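Read through the structure below, which is laid out as structure tokens, and then see the notes.
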Amino acid sequence: MNPNTDSASPSTGQSSRLGSLFSNIKLFAIATFILVFSTLTVGVLTTRYITEKEGVLEISLIQSNIRLVNQTLENIEQQILKEDRRLYELTAILGWEDLSQKLEEQSITRSPLVKHLYLFDPQGNILFSDCEDHPHRRLIQQRIYPQMARKRIPLQSIHHLHTSVNAVYYLFSILKFQAATQQMVYTLVMEFNLENLGAFFDPFIHDLAKNYQICIQDYENNVIYGEAIEDPRKYFAEQRFPNTFYRWMFQLSPRNAAEIEQDERNRRALTVALIVINLVLILSAWFLVYMGRKREVRLTRQKEEFIRNVSHEMKTPLSLIKMFSEILILGRKRDEITRQEYLGIIFAETERLTFLVNNVLDFSNLERGLQKFCFEEMDLAALVSKHLEVFDYRIKKENVHLHVDIAPDLPSIEGDSNALALVLLNLLDNAIKYSSDGRKDVHIRLFREENDVVLVVRDYGIGISPQDLPRIFEKFYRSNHLSVRRIRGSGIGLSLVRYIVDAHNGRIAVESTPDQGTEFTIRIPRYSPPSET
Ligand code: ADP
């Protein structure tokens, strides 16, 4: 074999493996970075969305309540303005001559919202009124009219006076107009009926009151209409009447603020939970990919090591076969005993090679799901005796003391003899391999226990550490201990053994103490003819 090729190939393999590992790790690092970055971004954006949304909801609810208040006030005022338009109509039909008489003659249909009409001359005297209550007329003339006069109301435009006298509120619509020929300014006044505020407000409030607390207050917080809002909670809105009842404040507060908040809290909690679940799922997926990658890298490494180990294992018997056959061919050794010995070596090494190749082939079939067994009634004791001969040369060479104890009259089993031979050879090979430094006793026992035929292979070698023990049946698994590493092996023997034993409905057990040895026990059910079952 060319030594250069020999030394070059592992280093090339190593560098290309390192290269592929490096690029894999790089790709994985990039993927991890992207994943972490996008996860963080989603997290931050979502948190911002949730907190912003909370504020936005509150603002939009307050705004919509303010809109509601404005809308209601406008509707109420529209009602009053509708009455106001009647003042214009009145001044249009009124002649300037005898105003009071004309007013009386007119059949003025008034709505229940209007209480009285008054016509004042430029000096503030009542020219006409439908109010028969003289003290009230006096109050209007002496206390209310001066307030109207102070308002400097322009001609032909309607203004309102919202005032209180002796803690009683009044609302008036006032229209100043000029009699066409006399150049005199008269004042036409409409007094609204505030004794029945329900007539004003109920139609507008009725629907609102189902979901909102409504209150109309004056400046001193006296409730004029509705129910006092004790504890103005969130989403409370208030607004002064802009034109008519301008001394009053209209207030509104949702009855179900707590419900709205609870709904919003639930919605937010649900969103947060969904996002957290998603993030957990993403991270779990990443973790699975990570574990898969780790496993893949480990398997690749193990496979490469396996190929290296198997090649080396083949090299030794091949060199021996080549060397001894060359000697024989060249006829250098002439005495029969030595020739026989060399032939024995060649035979034993060929067997070792066959065992190795069979192991690899069977393993490869097993990997590809092609492993087929040929079950038949067979004698395990005969199989053990026959195959122990294969180890004769090696046992002698390595000074191993083999103790074989086969119980008589063992029942037959149903099995595949090639496969079971592989089980025995693997266990024996390991027992010899892993006891090369210490006590070189190997015990093989075959006996019956209940319905099983039991095969025990015991050695007193390096043993197996408790950490390695649960993993020794995994494919390609080899302990990392130095004592194991320096012994050649492929890491497929025991996985093959377990597979074969399982296929025979058998059981395998191992007991081992580091530095004291290992004992493998295999139980195969005895053969039961079809009639017995
Ligand atoms: P290998 O070719 O490495 O021996 P196996 O699958 O046969 O592969 O064994 C797996 C591992 O189990 C070995 O690498 C070794 O660590 C451990 N092992 C198996 N048999 C023995 C034994 N008789 N004594 C000590 N260790 C053992």
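The values are calculated or read from the model by the stated rules, or taken from the named source; none is laboratory data. Please read these numbers as outputs of a predicted model, since none were measured by experiment. Virtual Cβ from ideal backbone geometry, glycine too; neighbours counted across all protein chains shown. Accessible surface is based on the protein model in full, side chains and every heavy atom, while ligands, DNA and RNA are left aside. Shrake-Rupley method; radii C 1.70, N 1.55, O 1.52, S 1.80 Å.
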* Asked: About the Cα centre of the stretch 137-195, what is the dipole size in debye to 20, counting +1 per Lys and Arg Cβ and -1 per Asp and Glu Cβ, all else neutral?
  -> 240
* Structure fact -> Straight-line reach check, K433, cutoff 16 Å on alpha carbons, 8 or more apart in-chain or any other chain, hits among aspartates and glutamates -> E313, E349, D392, E398, D441, D459, D515, E519
* Asked: Can you pull the percent of Cα pairs in the chain with separation above 29 Å?
  -> 73
* Förster radius 35 Å - calculated FRET efficiency between L155 and N75 (Cβ-Cβ, nearest 0.05) -> 0.75
* Structure fact -> For the stretch 156-246 the chymotrypsin sites (Phe, Trp or Tyr not before Pro) that pass both the DSSP coil test and the at-most-11 other-Cβ-within-10 Å test are Y219
* For every other residue with a beta carbon closer than 15 angstrom to the beta carbon of F28, add +1 if it is Lys or Arg and -1 if Asp or Glu, then tell me the sum. => +4
* Given a cut-off of under 8 Å on Cα pairs at least six residues apart, what relative contact order in percent is computed for the stretch 471-533? -> 22
* Please sort by residue number the GluC sites (Glu not before Pro) in the stretch 229-334 whose DSSP state is loop and whose Cβ has at most 11 other Cβ atoms within 10 Å. => E230
* Could you pull out the trypsin sites (Lys or Arg not before Pro) across the stretch 357-458 that fall in loop regions by DSSP (anything but H, G, I, E, B) with no more than 11 other Cβ atoms inside 10 Å? => R368, K372
* Mind jotting down the three principal axis lengths of the stretch 327-470 based on Cα atoms? Whole angstrom, largest first. => 56, 38, 37
* Cα centroid separation, the stretch 160-215 to the stretch 258-292 (Å) -> 58
* Structure fact -> Given pairs K151/K210; K303/K386; K315/K397; K322/K386 and cut-off 30 Å on Cα-Cα distance, the over-length ones are K151/K210; K303/K386
* Asked: Can you list the residues, at least 5 places off or on another chain, whose amide H is less than 5 Å from the amide H of S412, using H built in the peptide plane?
  -> Y527
* Pulled fully out, how much extra length does the chain show between V165 and A382, if you take 0.36 nm times their separation in residues and subtract their Cα-Cα distance? -> 65.3 nm
* So what is the accessible area of the chain per residue, in Å², with the probe set to 1.4 Å? -> 57
* **the chain, accessible surface, carbon-and-sulfur percent (1.4 angstrom probe)** => 54
* Structure fact -> Computed over the stretch 412-533, the relative contact order (Cα-Cα under 8 Å, seq sep at least six) in percent reads 32
* **Angle in degrees between helix 336-367 and the longest Cα principal axis of the chain, rounded to the nearest 10** => 20
* Would you work out the relative contact order for the chain, in percent, from Cα pairs under 8 angstrom that are 6 or more residues apart? => 9
* To do: With everything on Cα atoms, drop me the angle between helix 493-503 and the longest principal axis of the chain, reported from 0 to 90° to the nearest 10.
  => 80
